[in-house]
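This report refers to the structure that appears directly beneath it.
The values are calculated or read from the model by the stated rules, or taken from the named source; none is laboratory data. Note that the structure is a prediction, hence the values are computed from the model and not measured. Ideal geometry is used to build each Cβ from the backbone, glycine not excepted, and the neighbour counts take in all protein chains shown. Please note that ligands, DNA and RNA were not included when accessible areas were found on the heavy atoms of the full protein model with its side chains. Shrake-Rupley method; radii C 1.70, N 1.55, O 1.52, S 1.80 Å.
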Amino acid sequence: QVQLVESGGGSVQPGGSLRLSCAASGSPFGFDAMGWYRQAPGQQRELVAMLTAGGSTNVADSVKGRFTVSRDNARNTVNLQMNSLKPDDTAVYYCRAVFRGVGYWGQGTQVTVSS
């Protein structure tokens, strides 16, 4: 059974930084892609950044230059370093892992950017 456990959310002032981490378990062959989505109140869940096992990335334009996604394939972990945070970044952030076309979600972690 695949499980994704997130950590690192919280509250920060505009311009601050946070780092999210996600540890995945339950796939003996690892994951084809890992990354992050987010969902703000009243809005649809949207891609933040995904990273394949081969190193290809897909990053939302809204966070390019501010957020960095990284992963450790051996440990099945993925991190999201978020810098220069804005109030618009406030959302629940979800870890996502994909294996052989099947996607899995973490439980979500709240990120609030406010002065």
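Structure values in brief
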{"quantity": "Subset tally (residues that are in contact with an Asp or Glu (Cβ under 8 Å, 6 or more places away or on another chain), of a type in the set (A, V, I, L, M, F, W, C) and outside any loop (DSSP other than H, G, I, E, B)) for region 56-74", "calculated": "1"}
{"quantity": "Per-region count, region 68-89, residues among the charged types (D, E, K, R), surrounded by 15 or more Cβ atoms within 10 Å (Cβ to Cβ) and closer than 22 Å to Gly42 by Cα", "calculated": "1"}
{"quantity": "Of all residues making up region 16-44, the number that are open to solvent by 20 Å² or more (accessible area, probe 1.4 Å) and basic (Lys, Arg)", "calculated": "1"}
{"quantity": "In region 1-15, the residues that are open to solvent by less than 50 Å² (accessible area, probe 1.4 Å), outside any strand (DSSP E or B) and either of a type outside the set (A, V, I, L, M, F, W, C) or modelled with pLDDT of 95 or more (or both)", "calculated": "Gly8, Gly9"}
{"quantity": "Counted residues, region 80-113 - those being within 11 Å of Gly10 (Cα to Cα) and among the hydroxyl-bearing types (Ser, Thr, Tyr)", "calculated": "4"}
{"quantity": "Boolean, Leu47 is touching a residue at least 24 places away in the same chain (Cβ under 8 Å) and surrounded by 15 or more Cβ atoms within 10 Å (Cβ to Cβ)", "calculated": "no"}
{"quantity": "Matching residues in region 50-59 - criterion: being open to solvent by less than 60 Å² (accessible area, probe 1.4 Å) and more than 12 Å from the chain's Cα centre (by Cα)", "calculated": "Thr52, Ala53, Gly55"}
{"quantity": "Flag for Val92 being in a strand (DSSP E or B) and open to solvent by 20 Å² or more (accessible area, probe 1.4 Å)", "calculated": "yes"}
{"quantity": "Filtered residue count, region 84-115, keeping only those that are over 19 Å from Ala23 (Cα atoms), out of contact with any strand residue (DSSP E or B) (no Cβ under 7 Å at 6 or more places or on another chain) and not small (Gly, Ala, Ser)", "calculated": "1"}
{"quantity": "Subset tally (residues that are of a type in the set (Gly, Ala, Ser) and modelled with pLDDT under 95) for region 81-103", "calculated": "1"}
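Each row is one residue, and each column tells you yes or no for (1) out of contact with any Asp or Glu (no Cβ under 6 Å at 6 or more places or on another chain); (2) polar (S, T, N, Q).
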| residue | (1), (2) |
| --- | --- |
| Gly10 | yes, no |
| Gly15 | yes, no |
| Leu18 | yes, no |
| Cys22 | no, no |
| Gly26 | yes, no |
| Gln44 | yes, yes |
| Val48 | yes, no |
| Leu51 | yes, no |
| Gly54 | yes, no |
